[in-house]
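Colleague: Have a look at this one before I ask anything.
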Amino acid sequence: MVQLVLTFCLALSGSTCKTVRPPFEQGYASLMRCMTAAQFIAADMLRDRLDLQGYRLTRWRCGPGGPPGTAT
């Protein structure tokens with residue numbers, strides 16, 4: 001399973017950042033599916049999540065992921 005990892009930083013201060021990993025249930029079967037969905041998911045999160053107001057997407061990656069207790 002592939003997991004999406006997004007990094008958002010404050011627009012006014014690039015040193016204050018948050019790393020967000022969508023829940024495992026939203027994992028992807030392939031790296032390509034994760035990569036093609038990443039920008040849409042990031043845009044939705046910036047629009048919908050109040051805790052991300054004033055932040056901008058600075059980095060995203062797709063990598064191995066799994067349920068808690070497994071290597072990531």
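Colleague: I'd like to know if region 24-45 contains one or more residues that are within 13 Å of the chain's Cα centre (by Cα), in contact (Cβ under 8 Å) with a residue 40 or more places away in the chain, assigned to a helix (DSSP H, G or I) and within 14 Å of Val5 (Cα to Cα).
Modeller: Yes: one or more hits.
Colleague: Next question. Taking region 1-23 on its own, how many of its residues are free of Cβ contacts under 8 Å to residues at least 24 places away in the same chain and more than 22 Å from Pro64 (Cβ to Cβ)? Please lay out each step first, then the result.
Modeller: Restricting attention to region 1-23, the residues satisfying the condition of being free of Cβ contacts under 8 Å to residues at least 24 places away in the same chain are 13, 15-16, 19, 22-23.
Filter once more, so that each one left must be more than 22 Å from Pro64 (Cβ to Cβ): 13, 15-16.
Number of matching residues: 3.
Colleague: Quick check, is Ala71 out of contact with any helix residue (DSSP H, G or I) (no Cβ under 6 Å at 6 or more places or on another chain), among the aliphatic types (A, V, I, L, M) and at pLDDT below 85?
Modeller: Details: out of contact with any helix residue (DSSP H, G or I) (no Cβ under 6 Å at 6 or more places or on another chain): yes; among the aliphatic types (A, V, I, L, M): yes; at pLDDT below 85: yes.
When the stated conditions are applied, Ala71 passes them.
Colleague: Determine whether Thr7 is surrounded by 13 or more Cβ atoms within 10 Å (Cβ to Cβ), within 10 Å of the chain's Cα centre (by Cα) and not aliphatic (A, V, I, L, M).
Modeller: Numbers: surrounded by 13 or more Cβ atoms within 10 Å (Cβ to Cβ): yes; within 10 Å of the chain's Cα centre (by Cα): yes; not aliphatic (A, V, I, L, M): yes.
Against the criterion (surrounded by 13 or more Cβ atoms within 10 Å (Cβ to Cβ), within 10 Å of the chain's Cα centre (by Cα) and not aliphatic (A, V, I, L, M)), Thr7 qualifies.
The values are calculated or read from the model by the stated rules, or taken from the named source; none is laboratory data. Just so we're clear, the structure is a prediction, and the values are computed from it rather than from any experiment. Every residue, glycine among them, receives a Cβ derived from its backbone with ideal geometry; neighbour counts consider all protein chains shown.
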